[in-house]
Amino acid sequence: MQTVTSRVTWLTGVNFSLYTPGWNKRTWVKALRRNILKLHEYQGKELLRRFGVNVQDGKVAYTPDEVRQIAQEYGQAVVVKAQVHVGGRGKAGGVKFSPTPDKAYENGQKILGMDIKGLTVKKVLVTKAVDIDKGKEYYVGMIVDRNVQSYTLMACAEGGMEIEELAVEKPEAIIKHRVDPVAGLRPYEAREIALKAGFEGNLNKLADMMVKMSKAAFELDANLVEINPLFVGEDGIPLALDTKFDVDDNAMYRHKDLADWRELEAEHPLEIEASNYGFAYVKLEGNVGVLGNGAGIVMTSLDVVNRAGAKPANFLDIGGGARADIVYNAVKLVSKDTDVKAIFINIFGGITRADEVAKGVIQALKDGILTKPVRMRIAGTAEEEAKSLLAEVNSDLIQMYPDMFQAAEAAAQEANK
């Protein structure tokens, strides 16, 4: 089962709690609900370049012909990289080394149009390839840390790998430093961090890169800025090979140029639809749709689904006091997810009435929206009324259980058939 800290990263796609151990439930729920403008790698690099960070050259292509043309312009080996708002591009085959323009064209054909975690690749970044055997890869990042009410700078000598896994397996390898929100990151602090992390090369240049990255984070209201890998070649000069840049939506009125970069079509369509309903929803990669009333109970539901041997396909919080129409929309949303093979509903009724939940589910069944088995535990206010309503329907698709463990196990069994 996942730990509490890894779950936050898992849910949000942003590495919050791995870098801020000790977050309580309330903190990460706020993070989960916060809107974030995720930028593509090429956009993040453009922002870092504006602040003077030494960034690897690259151009965006939309067709294989454009990929080949860029490779010819560079006159050297290139890397073709899918530009989608999900992690794990490399593992999915979305990042390919291309020693010749013809190979770049071929890789462009393979990557453009491919599906990566539900998103279609519509453009790629073509960058000059770097011989990583002739240097070292590091990691640096800035993240909003509400525990210290400022940014935390992180540095690690083991760049290029999955930093989330490293944070779990070797947390001592990540050096963390609270950045003064008024003074910002000072050069001497950056040099000390580079030394502690074990960086080699031109320390002044490394420190200068970190200072400029921190300025970009502060001035652009970023939630997260990462340079990974940060490559230091034989000349000792640091170069940003890849970056992740997320900006707080609440600050868009200060950065109208960044707001223009938003690509709703590049975000997961179910998350867009969920935002229209006002749901706190995160698409995951499992086979059991999960609904609950409150972030805490939904998180618990994810755990028990995992324990039952299945994987949650989503996080969906219908909130408190949800009436039948809201439950109906929630069921409709989850049912659209082709990954979902069964639905687990976990409701503990306080201000949320169990009979309203039952009415919403039953209406979805009557309208033909609900075609997948629902295994649910609904307890508390109006529980008996809910049981009566469901008994009248008497459908094998909808079954109630006395506790969430039994319901989750039943949902997992259905999903794993």
So, in segment 255-279, of the ones that are within 16 Å of PHE315 (Cβ to Cβ) and open to solvent by less than 20 Å² (accessible area, probe 1.4 Å), which residue ends up farthest from the chain's Cα centre (by Cα)?
ALA274
Hey, GLU158 hits all of (1) modelled with pLDDT of 95 or more; (2) crowded, with 16+ Cβ neighbours inside 10 Å but one; which does it fall short on?
(1)
Hey, any hits in segment 359-372 for a residue that's more than 28 Å from the chain's Cα centre (by Cα), under 28 Å from LEU119 (Cβ atoms) and open to solvent by 30 Å² or more (accessible area, probe 1.4 Å)?
yes
Within segment 102-133, the residues that are in a strand (DSSP E or B) and β-branched (Val, Ile, Thr) are ILE116, THR120, VAL124, VAL126, THR127
Tell me, please, whether a residue that is within 21 Å of GLY296 (Cβ to Cβ), touching a residue at least 12 places away in the same chain (Cβ under 8 Å), aromatic (Phe, Trp, Tyr) and surrounded by fewer than 15 Cβ atoms within 10 Å (Cβ to Cβ) can be found in segment 398-412.
yes
Scan segment 18-50 for residues that are of a type in the set (S, T, N, Q), open to solvent by 60 Å² or more (accessible area, probe 1.4 Å) and at pLDDT 50 or above and jot them down.
ASN35
The condition from (1) open to solvent by 50 Å² or more (accessible area, probe 1.4 Å); (2) over 30 Å from VAL84 (Cβ atoms); (3) at pLDDT 95 or above that ASP235 misses is numbered (3)
For segment 76-105, which residues satisfy the criterion of being buried (at least 16 other Cβ atoms within 10 Å of the Cβ), farther than 14 Å from TYR62 by Cβ, touching a residue at least 40 places away in the same chain (Cβ under 8 Å) and not hydrophobic (A, V, I, L, M, F, W, C)?
HIS85, GLY87
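Quick grid of which residues meet (1) in contact with a strand residue (DSSP E or B) (Cβ under 9 Å, 6 or more places away or on another chain); (2) basic (Lys, Arg); (3) in a strand (DSSP E or B):
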position: ILE193; (1), (2), (3): yes, no, no
position: PHE199; (1), (2), (3): yes, no, no
position: MET213; (1), (2), (3): yes, no, no
position: VAL232; (1), (2), (3): yes, no, yes
position: LEU239; (1), (2), (3): yes, no, yes
position: LYS244; (1), (2), (3): yes, yes, yes
position: TYR253; (1), (2), (3): no, no, no
position: TRP261; (1), (2), (3): yes, no, no
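Results for (1) touching a Lys or Arg at 6+ places or on another chain (Cβ under 8 Å); (2) not hydroxyl-bearing (Ser, Thr, Tyr), shown as yes or no for each residue.
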site	(1), (2)
SER301	no, no
VAL304	no, yes
ARG307	no, yes
ALA324	yes, yes
ILE347	yes, yes
VAL361	no, yes
ARG375	no, yes
LYS387	no, yes
Just one of LEU302, LEU291 is more than 17 Å from the chain's Cα centre (by Cα) and not hydroxyl-bearing (Ser, Thr, Tyr); which is it?
LEU291
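Checking the condition at pLDDT below 95, part of a strand (DSSP E or B) and open to solvent by 10 Å² or more (accessible area, probe 1.4 Å), which residue from VAL148, VAL144, VAL182 passes?
When all the criteria are applied, what remains is VAL144.
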What single numbered condition from (1) out of contact with any helix residue (DSSP H, G or I) (no Cβ under 7 Å at 6 or more places or on another chain); (2) among the aliphatic types (A, V, I, L, M); (3) open to solvent by 10 Å² or more (accessible area, probe 1.4 Å) fails to hold for MET252?
(1)
In segment 51-75, residue nearest to VAL225 (Cα to Cα) [restricted to those that are open to solvent by less than 50 Å² (accessible area, probe 1.4 Å) and of a type in the set (Gly, Ala, Ser)]:
GLY52
Against the conditions (1) in contact with a helix residue (DSSP H, G or I) (Cβ under 6 Å, 6 or more places away or on another chain); (2) in a loop (DSSP other than H, G, I, E, B), where does ILE347 fall short? Just the number, please.
(2)
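The values are calculated or read from the model by the stated rules, or taken from the named source; none is laboratory data. Worth saying up front: this structure is predicted, and the values here are computed from it rather than measured. All Cβ positions, even for glycine, are placed from backbone atoms using ideal geometry, and neighbour counts span all protein chains on display. Heads up: the accessible areas ignore ligands, DNA and RNA and are worked out on the full protein's heavy atoms, side chains in. Shrake-Rupley method; radii C 1.70, N 1.55, O 1.52, S 1.80 Å.
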